[in-house]
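S.K.: Before we start, here is the structure in question, set down as structure tokens.
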Amino acid sequence: MAVAETRDGVLDVPIIDITPFRTGGTEADREAVARAVDHAARTVGFMQVVGHGIPQATLDAFTVAMDAFFAADLAAKSTYRCPPGVNRGYTPPKSESLANSLGLVSAADLFEAFNVGTQASDFPGLDLSEADYGTNVWPDTPGFRPAVEAWFAVAGEVARTMTRVFGRALGLGEDHLARFTGHSVDVLRMINYRLPSAAAELEPEQVGMGAHTDYGIVTVLWADAVPGLEILDGEGNWHPVQPAPGALLVNLGDALARWTNDRWISTMHRVAAPRVDGRLVPRRSAAFFHDGDVDAVIAPLPTCVDAEHPALYEPVTVGEHLRAKLAGSRGGVLTEGADREAARLSR
């Protein structure tokens, strides 16, 4: 289980300016960013990214669109629910327990969500399966689709910029990880913490989103400046993290931890039931998951394996890895092979 380091009991999620990777900065500036990312990736697995270049107007339109959709009644939203195993469309409250993806038993999570992602049709000629690259469903909420597609594009650009930073930080060159992401399984999950009332009584240990690690290469997260997100340290303590003004939270996923042979960490985190002054409050977030090509093989990178650091994991494809994790979070039935893989992933 990957946990964050603290110093004197304090967990630091550093603010890192990625402008040099967006605007053709000097070699020295780019190297400084890569070193800062390497340190964060080794110690906490999270960072706050500024200099990402996303216009405020794009974010404003996106949050308006999210609010409009989630304000609809449950019956209307549920018409956009997809069958189990299809990672698209609407997820009602208490439909998932993310802690189950790690083999933990917990009360159902409070959030509701709406997912869109890359589709098989986005990559003509590759004959990709819709089981991995599902077809998006779009609500008829006015302005929703263009605002969400705009955010998907800019968040994806941040994710791809981060993979360039990662390549340099790992001593492989800025373009190295692109060989695993030409037809990446990317998903944008819009999340609303739908609570019955400010004074509601929750089930024991019930949270907004259960303890979990992310599954892919990198997650780019926008979130309200509202308490909720917490990161686990090595002493078993949960530390609250709120985004700095204008920053996006970026964290590493399990696939990248495996690629780096656990040199970098995919950190355990959760979203506590959001409270201010003891009362439950609304909270929104949007996580863009950049997970890699479904047929890419996750095996330790050459700069992360040597005589003192032998390979810790057997090779597995991105698709096999994601299917095992998703089946666990949604209470699905795993095949025998996927069950073994889920157990291996939760080490």
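S.K.: Between Asn261, Asn251, which is among the polar types (S, T, N, Q) and open to solvent by less than 10 Å² (accessible area, probe 1.4 Å)? Steps first, please.
M.R.: Numbers: Asn261 fails: open to solvent by less than 10 Å² (accessible area, probe 1.4 Å).
The conditions single out Asn251.
S.K.: Oh, and also: Does Val241 qualify as being in contact (Cβ under 8 Å) with a residue 40 or more places away in the chain and buried (at least 24 other Cβ atoms within 10 Å of the Cβ)?
M.R.: Judged against the criteria, Val241 is not a match.
S.K.: Then there is this: Could you grab me the full set of residues in region 158-195 that are in contact with a strand residue (DSSP E or B) (Cβ under 8 Å, 6 or more places away or on another chain) and of a type in the set (Lys, Arg)?
M.R.: Listed by number, the residues that qualify are Arg160, Arg189, Arg194.
S.K.: Can you tell me which residues in region 8-55 are open to solvent by 30 Å² or more (accessible area, probe 1.4 Å), over 22 Å from Ala257 (Cα atoms) and in a helix (DSSP H, G or I)?
M.R.: Correct list: Thr19, Arg22, Glu27, Ala28, Asp29.
S.K.: Let me ask another. Could you figure out which of (1) in a loop (DSSP other than H, G, I, E, B); (2) in contact (Cβ under 8 Å) with a residue 60 or more places away in the chain; (3) among the hydrophobic types (A, V, I, L, M, F, W, C) isn't true of Leu126?
M.R.: Unmet condition: (2).
S.K.: Let me ask something additional. Return the total of residues in region 139-173 being in contact (Cβ under 8 Å) with a residue 40 or more places away in the chain and not in a helix (DSSP H, G or I).
M.R.: 7
S.K.: Find all pairs meeting these conditions: Cβ atoms under 8 angstrom apart; at least six residues apart or on different chains; first residue within region 209-222 and of a type in the set (Asp, Glu); second residue open to solvent by 10 Å² or more (accessible area, probe 1.4 Å) and part of a strand (DSSP E or B).
M.R.: Asp214/Phe289
S.K.: Among (1) of a type outside the set (S, T, N, Q); (2) in contact with a Cys (Cβ under 7 Å, 6 or more places away or on another chain); (3) part of a strand (DSSP E or B), there is one condition His290 misses while meeting the rest; what is its number?
M.R.: Every listed condition holds for His290 apart from (2).
S.K.: Right, next: More than 16 Å from Leu177 (Cβ to Cβ), exposed (fewer than 15 other Cβ atoms within 10 Å of the Cβ) and not charged (D, E, K, R): does that describe Ala311? Spell out how you get there, then give the answer.
M.R.: Values: more than 16 Å from Leu177 (Cβ to Cβ): yes; exposed (fewer than 15 other Cβ atoms within 10 Å of the Cβ): yes; not charged (D, E, K, R): yes.
Yes: the conditions hold for Ala311.
S.K.: Ok, one more. Give the number of residues within region 285-326 that are aliphatic (A, V, I, L, M) and in contact (Cβ under 8 Å) with a residue 60 or more places away in the chain.
M.R.: 8
S.K.: Right, another one. Looking for something closer than 15 Å to Thr213 by Cα, at pLDDT below 95, surrounded by 14 or more Cβ atoms within 10 Å (Cβ to Cβ) and of a type in the set (Gly, Ala, Ser) - is there at least one such residue anywhere in region 282-298?
M.R.: Within region 282-298 (the criterion being closer than 15 Å to Thr213 by Cα, at pLDDT below 95, surrounded by 14 or more Cβ atoms within 10 Å (Cβ to Cβ) and of a type in the set (Gly, Ala, Ser)), the answer is no, since none of the residues qualifies.
S.K.: Does region 264-281 hold any residues that are under 20 Å from the mean Cα position of the chain (by Cα), crowded, with 19+ Cβ neighbours inside 10 Å and of a type outside the set (Lys, Arg), and which are they?
M.R.: Selection gives Trp264, Ile265, Ser266, Thr267, Met268, His269, Val271, Ala273, Pro274.
S.K.: Let me ask another. Please count how many residues of region 159-192 are closer than 22 Å to Ala131 by Cβ, out of contact with any helix residue (DSSP H, G or I) (no Cβ under 9 Å at 6 or more places or on another chain) and open to solvent by 30 Å² or more (accessible area, probe 1.4 Å).
M.R.: 1
S.K.: Right, next: Kindly establish whether Ala75 is under 27 Å from Trp264 (Cβ atoms), at pLDDT 85 or above and among the small types (Gly, Ala, Ser).
M.R.: So Ala75 does not fit the description; no.
S.K.: Now for a separate question. If a residue must be modelled with pLDDT under 95 and either over 22 Å from Thr260 (Cα atoms) or open to solvent by 20 Å² or more (accessible area, probe 1.4 Å) (or both), how many such residues does region 316-341 contain?
M.R.: The total comes to 17.
The values are calculated or read from the model by the stated rules, or taken from the named source; none is laboratory data. Fair warning: this is a prediction, and the values are worked out from it, not measured in the lab. Quick reminder, even Gly has a Cβ in these numbers, built from the backbone with ideal geometry, and neighbours come from all protein chains shown. Only protein heavy atoms, including side chains, enter the accessible area calculation; ligands, DNA and RNA are left aside. Shrake-Rupley method; radii C 1.70, N 1.55, O 1.52, S 1.80 Å.
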